[in-house]
1. As I understand it, the dipole of region 10-156 uses +1 on the Cβ of Lys and Arg and -1 on the Cβ of Asp and Glu, about the Cα centre. Which of GLN31, GLY95, PRO147 lies farthest toward its positive end?
2. Probe 1.4 Å, all protein chains in place: accessible area of VAL96 in Å², nearest 10?
3. Which FRET efficiency value, to the nearest 0.05, is calculated for GLU43 and GLU234 with the Förster distance at 30 angstrom and r the Cβ-Cβ distance?
4. What percent do you get for the relative contact order of region 135-250 when only Cα pairs under 8 Å and 6+ apart count?
5. Using Cα pairs closer than 8 Å and at least 6 residues apart in sequence, work out the relative contact order for the chain, in percent.
6. Once neighbouring chains are kept in place and the probe is 1.4 Å, which whole percent of the accessible area of the chain is contributed by carbon and sulfur?
7. How much area per residue is accessible in region 115-196 when the probe is 1.4 Å and only protein heavy atoms are counted (Å²)?
8. Just the number, please: Stokes-Einstein D of region 28-131 in µm²/s, Kirkwood Rh from C-alpha pairs, 10 °C, 1.306 mPa s.
Amino acid sequence: TSPRINETIQASALIYDNREQARRMLSEADQLTSELLATGRYEKEAQELKSTIQAQHDRLQKIQRVAGNAASLVSDLAGKVGSESPQGLVALADGVYAFSGKNNAVVRVSPAGEVTQLNEHTQGIGSFILVTAHEADKALLFVTEEPGLALFDTTDGTLTPQDITFPSAKPTITSIATYGSRLYVLDQAAGLLVSYSKSLRGYGGGEPWVTNKDFKVTTIKSMAVDGSVFALLEDGTLTRLFKGEPTDFK
């Protein structure tokens with residue numbers, strides 16, 4: 001193979017609207033470039049091509065890389081939600097949010113680092129334990145200790161309980177994520193990753209999302225979703241689940 005062939009593959013990947021196909025073609029180009037590097041030929045050209053492929057992959061995945069010397073302190077949240085450290089750091093369009101698991105106080109950090117407390121406490125809904133962003137509604141979706149589910153509107157501070165039936169009678173919810181109008185809930189007690197559809201009052205139609213019976217859902221510690229589920233496993237590795245099946249992922 002040659003750098004010219006690899007460049008053709010890499011450039012062709014960007015033509016496709018299908019992100020999955022584009023991702024696959026970029027991975028193939030990267031693999032071919034690695035094979036070329038192993039031969040010791042065209043080393044400079046291959047290294048440059050690898051950088052180009054990485055940049056296009058980041059563009060496709062909407063990844064922004066920050067160099068170590070470019071990192072800076074945005075804000076110090078110590079003492080901003082009471083005496084303890086804030087929990088559940090999550091990004092939304094207009095800033096970064098955190099909460100207190102004791103009094104349910106919610107704070108927002110602006111891009112400039114200004115901290116604003118959006119509420120002081122809640123009543124009758126239970127303590128917040130997990131949070132994820134619901135971008136379409138400019139809201140935060142909280143799991144509460146009962147367990148339950150509540151939607152916090154970041155524009156006016158209103159908190160609305162959400163209807164949902166968890167997978168088990170006594171669920172242990174350890175991770176949640178949203179993608180579009182769907183909610184993904186990891187229930188360790190049931191050993192299930194369940195996908196829900198948005199309804200008028202909450203979420204319904206929960207169905208197990210992992211279809212591969214050999215994959216142990218209980219090994220998942222945390223996850224993020226962009227159509228596929230990217231799961232952090234208990235051994236520290238990352239895996240990608242596509243349509244309920246594990247895939248080749250480095």
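The values are calculated or read from the model by the stated rules, or taken from the named source; none is laboratory data. Computed from a predicted structure; not experimentally measured. Cβ placement follows ideal geometry from the backbone for every residue including glycine, while neighbour counts extend to all protein chains displayed. Quick note on the areas: whole protein, heavy atoms, side chains included, nothing else; ligands and nucleic acids left out. Shrake-Rupley method; radii C 1.70, N 1.55, O 1.52, S 1.80 Å.
1. It is GLN31, whose Cα lies furthest towards the positive end.
2. Ignoring ligands and nucleic acids, VAL96 comes out at about 50 Å².
3. The formula returns an efficiency of 0.20 here.
4. Numbers: 232 pairs, mean separation 17.6, N = 116.
Relative contact order comes out at 15 percent.
5. So the answer I get is 8 percent.
6. Details: 7170 of 14530 Å².
Result for the chain: 49 percent of the exposed heavy-atom area is carbon or sulfur.
7. I get 46 Å² per residue for region 115-196.
8. Rounded, D is 92 µm²/s.
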